[in-house]
Amino acid sequence: MSRTVHHDGPLIIGGGLAGLSAALEAGPRKTLVVTPAPLLQACSSAWAQGGVAAALSAGDAPALHAADTAAAGAGLVETGATEVLTGDGRATVEWLASLGAPFDRDAAGGFAVSLEAAHSRARVARVGGDGAGRAILSALIAAVRAAPHIEVWEDGRLRGLIRDASGRVRGVLIERGVPGSGRMVEVLAPAVVLATGGAGGLFARTTTPVALLGEGMALAYGAGAEILDPEFVQFHPTAIDVGLDPMPLATEALRGEGARLVDGGGRFLLGEAADADLQPRDVVARAVHAARADGGGAFLDCRTAIGDRLPEEFPAVFAACMRAGLDPRETPIPVAAAAHYHMGGIAAGPDGRTSLPGLFAVGECAATGVHGANRLASNSLLEAAAFGRRTGRAAALETSATGATLPVRTVPDLSPEALQTLRETMSRDVGVVRDAAGLAGALEVMARLEAAAPGALPLVAARLIAEAALARRESRGGHFRSDYPAAAPVAEHARLRAQLQAAKPSAPVERAA
């Protein structure tokens, strides 16, 4: 039997950059943040290497940043949301710096910026070369712990969304303690903010925490929220292939500094032009995938362009290689394309509002339209912080509803063996290159797994991705179909919504003592 807690303020599920930005901006309204692990653990924000994209230099402007974002997004970028995002760029970086994020600075004291793929200008603000995510998130964590309006539960796993008969989201069911044997707590709140991260853990080859299984998207779908473009998964072309799960990341900034992708014979994968390796990530990822499939292998050669500067300028990459017994100053880094970012997710606006009253979504679990079919490098940290702030302010304005709520149905977890089968299936058949036969086969595997664990959230999330990929009979951005290699003449979004059966309200909940 679950205990019920009434919280009069925003309830935020997730402790990454998006969730904590929302929590800080929700003040002075009392805010509860719930995460399944201690802050700084098991969230993609802390692992981000590149930095925050924003128009920060004299030769740049939000409009140029927006144009690059639209070009990378392959026809599916929403103009209004993108203008809001890029317009917030400088203010967001300055806000993060004011909280203590130690961005690299130039000789004049301004923000040092780097060039990354598909950007027309150097505009990525970095920290310590490749340590942006962890440094920025650490600064926010310190601010959150010092904020009197924020309470944090660091042992809570989201198990369900609580709704009323009108469809409004009224709260969540949280399992606190050891997963599978913890105590259940119903938390009712005027606004629920999902900041649950992406779905990279659904793939056997991923650069993200393996615990990120798209569960927030799956629960939102089950509650009737609109899901936007779930088939669009970005595969990073330079995951370090040294047998680790998840795979360490070789940041794109290395290629911005002149590192080159080569095969086992030292031949350039994408041509000899100096900027050949700085094409959009989907193009580069397919080149890496093809080189490995052909047996020639794929490697990132940092020796000539960066060499002895690696330990100082890219310490995370250097340390990951050295731990694996590889010195990147002397040997090219073996790389593979791996699931890195989910462009699709819960349809939401720049202020986090979804199609369900009372439910907000922000960060990687949300699909705001700013990434379209292919995220522009380093726009994700900007989106998390900029839209996180907007979401926190909007959620703080919500007021509590009254009345009966619907009963919450919890679903079983996948066994470790079933989850591994799912992950291998997703990487093989729903990965960098897709076709009808592979996608249909993946859905058959999911159906078999579903029989043993009906409604398991990772299966729901995986099925949303695979079904939308099968339905999209074209290639666009991060979604490539070998049987439909051309893009359709008109770019169209995929919008999915579950057909819900009517349910009877439960008795009104009693306030906990």
Exercise. For segment 414-493, state which GluC sites (Glu not before Pro) are in a DSSP loop and have at most 13 other beta carbons lying within 10 Å of their beta carbon.
Key: E492
Quiz item: What is the distance in Å between the Cα centres of segment 134-172 and segment 72-110?
Solution: 24
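First check a/c for segment 237-338, with a ≥ b ≥ c the square roots of the eigenvalues of its C-alpha gyration tensor; if it is under 1.5, answer rounded, and if not, answer prolate when a/b is larger than b/c or oblate otherwise.
Taking the square roots of the gyration eigenvalues as a ≥ b ≥ c, segment 237-338 is oblate.
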Quiz item: Amide H to amide H under 5 Å from F360: which residues, 5+ apart in sequence or cross-chain, H placed 1.01 Å off N in plane?
Solution: V192, V193, L194
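State the antiparallel share, in %, of DSSP beta bridges confined to the chain, rounding to the nearest 5.
Percentage antiparallel, nearest 5: 65.
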Quiz item: What list of ³J(HN,Hα) couplings, whole Hz, do you get for segment 471-485 from phi and the Karplus terms 6.51, -1.76, 1.60, once you set θ to phi - 60° and write x for glycine and proline?
Solution: 6, 7, 8, 6, 10, 7, x, x, 9, 10, 10, 5, 8, 9, x
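Please work out the FRET efficiency for the pair T399 and E94, using the Cβ-Cβ distance as r and a Förster radius of 25 Å; give the result to the nearest 0.05.
On the way: r = 32 Å, r/R0 = 1.27.
That pair, T399 with E94, gives E of 0.20.
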Quiz prompt | the chain - mean residue ellipticity at 222 nm from DSSP helices (-39,500 (n - 2.57) per run, n ≥ 4, rounded to 500) | solution = -9000 deg cm²/dmol
Exercise. Excluding A396 itself, calculate the net charge of residues whose Cβ lies under 9 Å from the Cβ of A396, where each Lys or Arg counts +1 and each Asp or Glu counts -1.
Key: 0
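Laboratory data are not the source of any read-out in this text; all were calculated from the coordinates shown. Quantities reported herein were computed from a predicted structural model and do not represent experimental measurements. Virtual Cβ from ideal backbone geometry, glycine too; neighbours counted across all protein chains shown.
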